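Handing you a structure now.
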């Protein structure tokens, strides 16, 4: 029978980016979950390997976004926005980033790849109130027509576009809270950002978002083990540690 430590929750994507990674992961974890959008799963890009692991072997489970988790992350972001809106807009504002609908300047309707500075979060993974607040702050917009994510998935009206780092922080926090609600452990293959666990605080989140130094450190509330799989090895921290951050997100 599956226990708390038997199930990993993969993030920040719903699409696994590497067959090699997921095959190695299911050798370590009896079950691997992923946060699936509630609506429009047509954008899912599963390989034959992933479909076999999910449909025939049953070792990949789809987890719907947890509304209580979304509410918790919303309140944390609200506090950070109340205190740091101007600084966040200066760092992550979309006004200075390349966002333009395909064909808006002519007749060329060729799909465009999302700029590397940007990332997409599916609308079902964020509360409407937080999305509106981020729009008002100039930090989020609906996906422009004709854009595609890095994995080739066409973005649609259900997708939000944000600065890559801001989207990554959001998804890491959502994964942490969703994993706790489902008795899972967050796991990821993304080593470019790091976070350490010890207690969610608006101050630590603001510092992580606005700090100039790397790697970034985010103090979250849970006291579980989180693990990062990279290059065929588990990088694990066993006391108050949460690794990673930043499409289906």
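The values are calculated or read from the model by the stated rules, or taken from the named source; none is laboratory data. Note that the coordinates shown come from a computational prediction; the quantities given were computed from them, not determined experimentally. Don't worry about glycine lacking a Cβ; one is built from the backbone with ideal geometry, like all the others, and counts go over all protein chains shown.
Could you list all residues from segment 18-40 that are in a loop (DSSP other than H, G, I, E, B) and over 26 Å from residue 124 (Cβ atoms)?
30 - this is the single residue of segment 18-40 that is in a loop (DSSP other than H, G, I, E, B) and over 26 Å from residue 124 (Cβ atoms).
Here is a list: 8, 58. Which entry is modelled with pLDDT of 90 or more and in a loop (DSSP other than H, G, I, E, B)?
The match here is 58.
Go through segment 44-66 and count every residue that is exposed (fewer than 14 other Cβ atoms within 10 Å of the Cβ) and within 24 Å of residue 169 (Cα to Cα).
Result for segment 44-66: 2.
Then there's this: Just one of 95, 72 is on the phi < 0 side of the Ramachandran plot and either assigned to a strand (DSSP E or B) or more than 19 Å from the chain's Cα centre (by Cα) (or both); which is it?
95
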